[in-house]
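Trainee: Sharing a structure, written as structure tokens. Questions coming.
The values are calculated or read from the model by the stated rules, or taken from the named source; none is laboratory data. Predicted model, so just to flag it, every value in this text is computed and none were measured. Here the Cβ positions follow ideal geometry from the backbone for every residue, glycine too, while neighbour counts run over all protein chains shown.
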Amino acid sequence: MSLPEHGRDLAGLLTELAALKSDDLPVRGGKVTAYVYDTGRPEIHDAAHRAYAEMLEVNMLDPTAFPSMVALEKQVVGAVADLLGAPGAPGIFTSGGTESIMLAVKAARDLTGRREIVAPVTAHPAFHKAAHYLGLEVVPVPVDLETYKVDPGAVEAALTDRTALVVVSAPAYPQGVIDPVAEVAALAAGRGVPCHVDACVGGWLLPWLRDAGAEVPPFDLSVPGVTSISCDLHKYGYAPKGASVVLFRDAQMRRAAYFASAAWPGYTVINATAQSSRSAGPLGGAWATLLSLGANGYRELGRAALEATRKLVAGIAEIPGLRVLGEPESSIVSFAGSAEVDVFVLADEARRRGWFLQPQLSYAGIPANIHITVTGVTLDGVAAMLAVIKESADAARLRGPADVPAGLPELIATLDLTALDDAAFGELAASVGVDLTAGGQPEMAVVNTILDALPPATREAILVRFLSVLYS
């Protein structure tokens, strides 16, 4: 982009923005089953947008300069603490689950002086990212391949005098099941190790599902041994993106998450999060969403999500060639294919029909599968979703698996990707039918099939190159 000599008018800018968004997935209506969360109530989203705009230019860098953001953060964090079993618990409002997790890891590292994180293989990659940035190592623990939950005995075996933090998920994103939080937290406490519950997905969902009649085991700060918990409000809190909370057992642990520096002659630097300057817009949006919906609004959304999840699980079980993985305990459903139905082809077929179903690669004995996040609007469209899944499965059965040139995954595994510039990598992608410069939403079955055949380290290297080409 070349900067215009004279500023452009708003109408022209909005027209261009609409054109740029024409290939985006829709954020409303329930046809996108990942990334976005829709209440189905436009007035709620409008209230959030207005409050977001009102706080947009408030800088959360200095709480003494903008006391409004301190007041809002106290209210939002207080609401999360009330819901998650520890009224008055200290916490921090962050930009998302990854930042919440990073602060929990930093606090555990600084308090224990240790450098290892014991986490199930189903734990979110944010823990690997935090370890990468903060100089720790992740010790992966397998999960049961029937329930997809971590085995407390395996966690106990992984604990050493180097363990800074033990992780459990409520629920784990891949299959929507809840790890045995109470058992693992007790083991961690017995060894003097902090235990973090990743409830980024479930923190603002599971209590309302419990109200709606779901069997939800204890998972929050009321559980002895749990020392921190993360909860994303831009997921099942339905707030605009950029809204999460991390809660701590006590103020000492929260203080360990903070960063301060006086080693320069400029302004006072004290940061509650990984960021310094940041807009209070997401905080305003989250605050308005919570208060606009209220407990009854969330209770109704939870009831609808639970009913939709149960219908979805039952419906998928009736489609030949598909099987639900585990027994979903939240409103996440994942299903695998079979020799007759390739899930990567199924996902492409669903996208042809206007639906986005999220493919997940195989890992640690867990087969490739499709992930569906059920939200407040899913119930009204669950019959249509099941019809699309069946149609897409039938089409995938007729098409057969993705057509990958023989030997290509093996060849890619031997390539020195560092020797390829972005142009050469783009040509390699084009050779398997993915033009990274064309825009739009390409079919991904071939790419996902190739990635699925490669070891994780090679997958990561390819994904980094993919991103580099996309932004070149």
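Trainee: Is there a residue being out of contact with any helix residue (DSSP H, G or I) (no Cβ under 8 Å at 6 or more places or on another chain), outside any helix (DSSP H, G or I) and on the phi > 0 side of the Ramachandran plot anywhere in the range 168-185?
Mentor: yes
Trainee: Of the residues A364, A445, A413, A453, which single one is free of Cβ contacts under 8 Å to residues at least 60 places away in the same chain and out of contact with any Ser or Thr (no Cβ under 6 Å at 6 or more places or on another chain)? Lay out the reasoning, then the answer.
Mentor: Working: A364 fails: free of Cβ contacts under 8 Å to residues at least 60 places away in the same chain; A445 fails: free of Cβ contacts under 8 Å to residues at least 60 places away in the same chain; A413 fails: out of contact with any Ser or Thr (no Cβ under 6 Å at 6 or more places or on another chain).
Checking each option against the conditions leaves just A453.
Trainee: In the set E57, E5, which member is surrounded by fewer than 11 Cβ atoms within 10 Å (Cβ to Cβ), modelled with pLDDT under 95 and charged (D, E, K, R)?
Mentor: E5
Trainee: Could you tell me which of the residues L301, L312, L346 is assigned by TED's automatic domain parsing to the domain that holds V377, surrounded by 23 or more Cβ atoms within 10 Å (Cβ to Cβ), in contact with a Ser or Thr (Cβ under 8 Å, 6 or more places away or on another chain) and over 25 Å from P207 (Cα atoms)?
Mentor: Values: L301 fails: over 25 Å from P207 (Cα atoms); L312 fails: over 25 Å from P207 (Cα atoms).
After ruling out the rest, the residue left standing is L346.
Conditions (1) aliphatic (A, V, I, L, M); (2) touching a residue at least 24 places away in the same chain (Cβ under 8 Å); (3) not assigned by TED's automatic domain parsing to the domain that holds V377, marked per residue:
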{"position": "P207", "(1), (2), (3)": "no, yes, yes"}
{"position": "A212", "(1), (2), (3)": "yes, yes, yes"}
{"position": "E215", "(1), (2), (3)": "no, yes, yes"}
{"position": "V223", "(1), (2), (3)": "yes, yes, yes"}
{"position": "L247", "(1), (2), (3)": "yes, yes, yes"}
{"position": "Y258", "(1), (2), (3)": "no, no, yes"}
{"position": "I270", "(1), (2), (3)": "yes, no, yes"}
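Trainee: Further question on the same structure: Do we find that A286 is surrounded by 14 or more Cβ atoms within 10 Å (Cβ to Cβ) and either touching a His at 6+ places or on another chain (Cβ under 8 Å) or not in a strand (DSSP E or B) (or both) in this structure?
Mentor: Details: surrounded by 14 or more Cβ atoms within 10 Å (Cβ to Cβ): yes; either touching a His at 6+ places or on another chain (Cβ under 8 Å) or not in a strand (DSSP E or B) (or both): yes.
Spelling it out, A286 is indeed surrounded by 14 or more Cβ atoms within 10 Å (Cβ to Cβ) and either touching a His at 6+ places or on another chain (Cβ under 8 Å) or not in a strand (DSSP E or B) (or both).
Trainee: Continuing with the same structure: What is the residue count in the range 46-105 for residues that are under 24 Å from the mean Cα position of the chain (by Cα), of a type in the set (S, T, Y) and in a helix (DSSP H, G or I)?
Mentor: Of the residues in the range 46-105, 3 are under 24 Å from the mean Cα position of the chain (by Cα), of a type in the set (S, T, Y) and in a helix (DSSP H, G or I).
Trainee: Have a look at I270, I229 and point out the one that is touching a Leu at 6+ places or on another chain (Cβ under 7 Å), assigned to a strand (DSSP E or B) and of a type in the set (A, V, I, L, M, F, W, C). Before the answer, list the steps.
Mentor: On the way: I270 fails: touching a Leu at 6+ places or on another chain (Cβ under 7 Å).
Criteria check complete, one pass: I229.
Trainee: Go through the range 150-167 and count every residue that is part of a loop (DSSP other than H, G, I, E, B), free of Cβ contacts under 8 Å to residues at least 24 places away in the same chain and of a type in the set (A, V, I, L, M).
Mentor: So the count comes out to 0.
Trainee: Moving on. Please determine whether any residue of the range 123-141 is in a loop (DSSP other than H, G, I, E, B), in contact (Cβ under 8 Å) with a residue 40 or more places away in the chain, surrounded by fewer than 21 Cβ atoms within 10 Å (Cβ to Cβ) and of a type in the set (A, V, I, L, M, F, W, C).
Mentor: Within the range 123-141, none of the residues are in a loop (DSSP other than H, G, I, E, B), in contact (Cβ under 8 Å) with a residue 40 or more places away in the chain, surrounded by fewer than 21 Cβ atoms within 10 Å (Cβ to Cβ) and of a type in the set (A, V, I, L, M, F, W, C).
Trainee: Check S330, S392, S338 and return the single one that is under 22 Å from V447 (Cβ atoms), outside the structural domain of E146 (by TED's automatic domain parsing) and part of a loop (DSSP other than H, G, I, E, B).
Mentor: On the way: S330 fails: under 22 Å from V447 (Cβ atoms); S392 fails: part of a loop (DSSP other than H, G, I, E, B).
Matching residue, one of S330, S392, S338: S338.
Trainee: Could you check, for the range 394-401, whether at least one of its residues is without any contact (Cβ under 8 Å) to a residue 40 or more places away in the chain, within 30 Å of H45 (Cα to Cα), among the aliphatic types (A, V, I, L, M) and surrounded by fewer than 17 Cβ atoms within 10 Å (Cβ to Cβ)?
Mentor: Of the residues in the range 394-401, the ones without any contact (Cβ under 8 Å) to a residue 40 or more places away in the chain are 394, 398.
Next, only the ones that are within 30 Å of H45 (Cα to Cα) stay: none.
Within the range 394-401, none of the residues are without any contact (Cβ under 8 Å) to a residue 40 or more places away in the chain, within 30 Å of H45 (Cα to Cα), among the aliphatic types (A, V, I, L, M) and surrounded by fewer than 17 Cβ atoms within 10 Å (Cβ to Cβ).
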